[in-house]
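Accompanying notes for the structure given below.
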Amino acid sequence: MIDVATLSVIRRWALREQLSIREIARRTGLSRNTIRKYLREGEAAPSYAKRISPSKLDAFAEKLGGWLKSEASKSRKQRRTLTQMHADLVALGYQGSYNRVAAFARAWHAHRHEVQQTTGRGTFVPLAFGPGEAFQFDWSEDWALIAGERTKLQVAHFKLSHSRAFIVRAYLLQTHEMLFDAHNRAFEVLGGVPRRGIYDNMKTAVDKVRRGKERDINARFSAMVSHYLFEAEFCNPASGWEKGQVEKNVRDARHRLWQPVPAFATLALLNDWLEDRCKALWSEIVHGKLPGTVADVWAQERPLLMQIPRPFDGFVEHTKRVSPTCLVHFERNRYSVPASYANRPVSLRVYAERLVVAAEGQIVCEHTRIIDRRHDTAGRTVYDWRHYLAVLQRKPGALRNGAPFSELPQGLRRLQAALLKQPGGDREMVEILALVLHHDEQAVLTAVELALEAGVASKTHVLNVLHRLLDAKPVAPAPVTAPQALRLVNEPKADVLRYDTLRGRASAAGGLCGPLISKSSSQEVRHAT
């Protein structure tokens with residue numbers, strides 16, 4: 001095979017200097033047929049047959065191509081990564097490297113784009129962010145085993161655009177209170193608040209998308225933004241690349257955190273594990289554009305973040321009317337309220353993990369929130385037996401079968417079982433339960449346990465034990481400070497010789513005055529001593 005320089009000389013000798021083929025063959029040492037071939041084809045550069053070298057992937061190329069075609073038809077969330085495909089090929093006997101699989105996939109995708117004539121699409125401008133400048137937020141849907149049940153989760157993703165530190169937190173719903181709680185937790189973990197937040201047009205933030213960058217922003221979301229003092233920025237519709245870092249984080253987290261499917265007893269334990277795992281990944285992932293790991297760059301960015309204020313009070317408020325059975329309804333579930341608010345309107349403040357009932361400018365009660373998205377079961381009722389004590393004082397007979405009182409502490413239930421066997425036991429048990437309204441509940445429970453251990457199940461004995469427990473508490477005496485006027489300048493001294501002197505005076509006086517003098521003298525002696 002001749003090179004480009006030789007071909008150029010041949011063409012110059014033949015076409016410009018008009019040398020014969022014989023002379024050119026003599027000078028170059030090539031055959032005349034070779035010279036005629038290149039002159040006849042008019043090539044300015046030699047062409048060579050494409051080199052085909054055998055590869056360890058050749059035997060698996062058809063299967064890998066089928067996998068790539070199958071994965072391309074799936075949703076982005078369900079696709080396997082090339083790392084997983086390489087592992088599956090190894091399991092089938094492939095002994096080559098991952099790089100060869102990646103090169104095959106690149107060529108396959110390039111050919112697919114060429115066939116679909118989409119090579120002009122998917123072109124973007126790389127973005128760069130300064131320290132503390134921005135964070136990106138997005139939601140995703142993933143699955144986990146919670147208490148042995150496969151549960152669909154709404155996962156909040158935060159990512160600092162400069163250091164690429166990220167935090168992931170899972171919820172059962174994608175509502176306002178979950179969004180606010182996710183921000184509170186993320187800013188606490190990331191150590192500060194960036195100056196900008198980049199979002200898509202999620203319904204919990206944007207009420208209406210208008211032309212260009214104009215948005216009708218939700219009032220509660222605006223309150224949260226104002227609280228943390230950052231600027232909210234929204235992407236154009238269907239333009240996920242404008243927050244490409246967190247979009248990539250969603251994809252990467254699906255393979256780093258959710259495969260295999262994590263299993264935990266509660267959602268709180270899952271979120272604790274997610275936080276610890278994210279922090280560990282910071283130290284394992286190389287930043288890529290800056291020296292060191294994500295954790296190293298985050299340590300440099302953290303001092304440049306805005307200081308975290310107190311957490312945003314991110315509740316959603318509803319007006320509810322308390323039922324005659326002292327219950328408020330929310331999300332198919334019922335929660336008890338103190339009896340004094342029955343048949344009255346109250347304010348229900350919904351947080352991510354709790355419900356708070358407020359009325360007349362004060363907090364009335366609080367319950368742990370129950371979230372159950374299944375519709376094949378009836379809603380649950382959460383009682384607090386303390387809320388019904390005022391009703392019991394008027395209707396003590398309701399104690400026997402009252403649903404709220406099935407959740408009494410074990411000691412009170414034992415005492416109730418003993419008192420209900422006695423005449424008037426209902427009334428006595430109600431009066432013992434009413435002690436909780438005036439004394440510490442733990443002290444009342446302790447008094448009940450001591451009364452049961454003594455074998456005396458009565459109101460009188462419980463009151464006696466309770467008073468002894470309360471009176472036994474050590475009380476520090478108040479300091480006594482004496483005024484200056486009460487201090488003695490000349491302290492008295494004991495002198496027993498004065499007694500003999502007084503006796504002599506009494507004897508000398510004699511007569512009727514003797515006894516009086518004697519009595520007076522004895523008083524003087526007592527004062528002297």
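The values are calculated or read from the model by the stated rules, or taken from the named source; none is laboratory data. Since we're looking at a predicted model, the values are computed, not measured. A quick note on method: Cβ atoms are made from the backbone with ideal geometry, for glycine too, and the neighbour counts reach across all protein chains shown. The protein model used for the area step is the full one, side chains on, heavy atoms only, and it has no ligands, DNA or RNA in it. Shrake-Rupley method; radii C 1.70, N 1.55, O 1.52, S 1.80 Å.
In table form, for the structure just shown:
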{"quantity": "Strands (runs of 3 or more DSSP E) wholly inside region 307-399 that include at least 2 residues being surrounded by 13 or more Cβ atoms within 10 Å (Cβ to Cβ) and in contact with a Gly (Cβ under 8 Å, 6 or more places away or on another chain)", "calculated": "333-336"}
{"quantity": "Options ASP216, ASP200, ASP207: the member that is surrounded by 15 or more Cβ atoms within 10 Å (Cβ to Cβ) and acidic (Asp, Glu)", "calculated": "ASP200"}
{"quantity": "Matching residues in region 230-248 - criterion: being at pLDDT 90 or above, among the acidic types (Asp, Glu) and surrounded by 14 or more Cβ atoms within 10 Å (Cβ to Cβ)", "calculated": "GLU233, GLU247"}
{"quantity": "Pairs with Cβ under 8 Å, 6+ apart, first in region 120-139 and more than 18 Å from ARG164 (Cβ to Cβ), second at pLDDT 85 or above and surrounded by fewer than 19 Cβ atoms within 10 Å (Cβ to Cβ)", "calculated": "TRP139/GLN154; TRP139/GLN174; TRP139/MET202"}
{"quantity": "Residue within region 124-137 that is closer than 30 Å to ASP372 by Cβ and either of a type outside the set (Asp, Glu) or assigned to a strand (DSSP E or B) (or both) present", "calculated": "yes"}
{"quantity": "Where GLY212 falls short, out of the listed (1) modelled with pLDDT of 95 or more; (2) at positive phi; (3) not hydrophobic (A, V, I, L, M, F, W, C)", "calculated": "(1)"}
{"quantity": "Region 8-24 residues that are open to solvent by 50 Å² or more (accessible area, probe 1.4 Å), paired with ones that are part of a loop (DSSP other than H, G, I, E, B) (beta carbon under 9 Å, 6 or more apart)", "calculated": "SER8/ALA44; SER8/ALA45; ARG11/GLY42; ARG11/GLU43; ARG11/ALA44"}
{"quantity": "Number of positions in region 154-165 that are open to solvent by 10 Å² or more (accessible area, probe 1.4 Å), in contact (Cβ under 8 Å) with a residue 60 or more places away in the chain and not in a loop (DSSP other than H, G, I, E, B)", "calculated": "1"}
{"quantity": "Among residues of region 278-296, those that are surrounded by fewer than 15 Cβ atoms within 10 Å (Cβ to Cβ), assigned to a helix (DSSP H, G or I) and either touching a Leu at 6+ places or on another chain (Cβ under 7 Å) or aliphatic (A, V, I, L, M) (or both), counted", "calculated": "1"}
{"quantity": "Number of the exception - LEU452 against (1) part of a loop (DSSP other than H, G, I, E, B); (2) touching a residue at least 24 places away in the same chain (Cβ under 8 Å); (3) over 29 Å from the mean Cα position of the chain (by Cα)", "calculated": "(1)"}
{"quantity": "Odd one out for ARG251, checked against (1) without any contact (Cβ under 8 Å) to a residue 60 or more places away in the chain; (2) open to solvent by 60 Å² or more (accessible area, probe 1.4 Å)", "calculated": "(1)"}
{"quantity": "Top-ranked residue of region 429-484 - restricted to ones that are among the small types (Gly, Ala, Ser) and over 26 Å from ALA398 (Cβ atoms), ranked as modelled with the lowest pLDDT", "calculated": "ALA476"}
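Results for (1) basic (Lys, Arg); (2) in contact with a Ser or Thr (Cβ under 8 Å, 6 or more places away or on another chain); (3) at pLDDT 95 or above, shown as yes or no for each residue.
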position: LEU270; (1), (2), (3): no, no, yes
position: ARG277; (1), (2), (3): yes, no, yes
position: TRP282; (1), (2), (3): no, yes, yes
position: VAL294; (1), (2), (3): no, yes, yes
position: VAL297; (1), (2), (3): no, yes, yes
position: MET306; (1), (2), (3): no, no, yes
position: LYS320; (1), (2), (3): yes, yes, yes
